[in-house]
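Chemist: Please see the structure below; I have some questions.
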Amino acid sequence: MRKDPINPERRRFLSQVLSCGVLGIGMPGIIHSAFAMGSADYPQGMRKIEGIVKINETATQIGAIVKAGDIVSTGAAGLAIFVIGKDVYMLRDNTRLELGSEASENFKESAVNLLRLLNGKMMAVFRNSPKRLEMPTVIAGVRGTGLYAEADPERDYLCVCYGAAELHAKSDANIRETIRSQHHDMPRYIYASGSPEKRIEKAGGHSERPNHTDEELFMLESFVGRTPPFDMNTEKRGGY
């Protein structure tokens, strides 16, 4: 079993959420509730706030609805979890996300289908509906996906935790890669510049990868009555 590199503050947050937090039940209860809720309507909007969290530059509160056209941002110690339809987002500290809507043949199933992660860190889980994710160095078309992303002007990080994505470098649309992942199989760095063959590159070893966990994915999916498609009882459940 590999050591879980999760930092103490995030461990404390997960412990609160999974043991007695947002749903008031532990992980077994979360999984049971996810199946039991079936096709019920799930509470929308802001479900968890820590520190400074704003919608359109105004401080927000639990229950506030988030919709297409909004900008959600977090401060230095901020964290936000919110639900839009059957999609769930978690933004970490110093993050700015613009939510948009594109009308086209490819984007009919969700009012929010255009995501611009300008800076910071985001984990998100989506139902079987397409999304266009724009970051400083990459554009990704994703569908039916759980993902973790870190945005940086020189090098973005994207892990398709499960699902599929089509990546292309912003600096050259001809530099592309198709990702199909079952369990964090193909994490990628995408660079703003450099040789074409290295513009999209496999992420480094375990110790270099941004820190996100299966527990967090289970938590996010539980907000809309789902569980991730992989087995929770796996060696890789700690951190990536």
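Conditions (1) modelled with pLDDT under 80; (2) small (Gly, Ala, Ser); (3) on the phi < 0 side of the Ramachandran plot, marked per residue:
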residue: GLY45; (1), (2), (3): no, yes, no
residue: ILE65; (1), (2), (3): no, no, yes
residue: SER73; (1), (2), (3): no, yes, yes
residue: TYR89; (1), (2), (3): no, no, yes
residue: LEU99; (1), (2), (3): no, no, yes
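Chemist: Across the stretch 116-131, what is the total count of residues that are closer than 16 Å to TYR157 by Cα and either in contact (Cβ under 8 Å) with a residue 24 or more places away in the chain or polar (S, T, N, Q) (or both)?
Modeler: 8
Chemist: Determine whether ALA192 is within 15 Å of the chain's Cα centre (by Cα), at pLDDT 95 or above and closer than 21 Å to LYS121 by Cβ.
Modeler: no
Chemist: Taking ARG127 as the residue in question, decide whether it is at pLDDT below 95 and in a strand (DSSP E or B).
Modeler: Criteria not met by ARG127.
Chemist: If we scan the stretch 200-214, do we find a residue that is out of contact with any Gly (no Cβ under 6 Å at 6 or more places or on another chain), among the acidic types (Asp, Glu), crowded, with 21+ Cβ neighbours inside 10 Å and at pLDDT 90 or above?
Modeler: Checked the stretch 200-214: at least one residue is out of contact with any Gly (no Cβ under 6 Å at 6 or more places or on another chain), among the acidic types (Asp, Glu), crowded, with 21+ Cβ neighbours inside 10 Å and at pLDDT 90 or above.
Chemist: Consider the stretch 173-203. How many of its residues are of a type in the set (A, V, I, L, M, F, W, C) and in a loop (DSSP other than H, G, I, E, B)?
Modeler: 3
Chemist: A follow-up question, please. How many residues does the stretch 43-65 contain that are touching a Leu at 6+ places or on another chain (Cβ under 7 Å) and in a loop (DSSP other than H, G, I, E, B)?
Modeler: Residues meeting the conditions: 1.
The values are calculated or read from the model by the stated rules, or taken from the named source; none is laboratory data. It should be emphasised that the depicted structure is a prediction, and the values quoted were computed from it without experimental measurement. All Cβ positions, glycine included, derive from the backbone under ideal geometry; neighbour counts span all protein chains shown.
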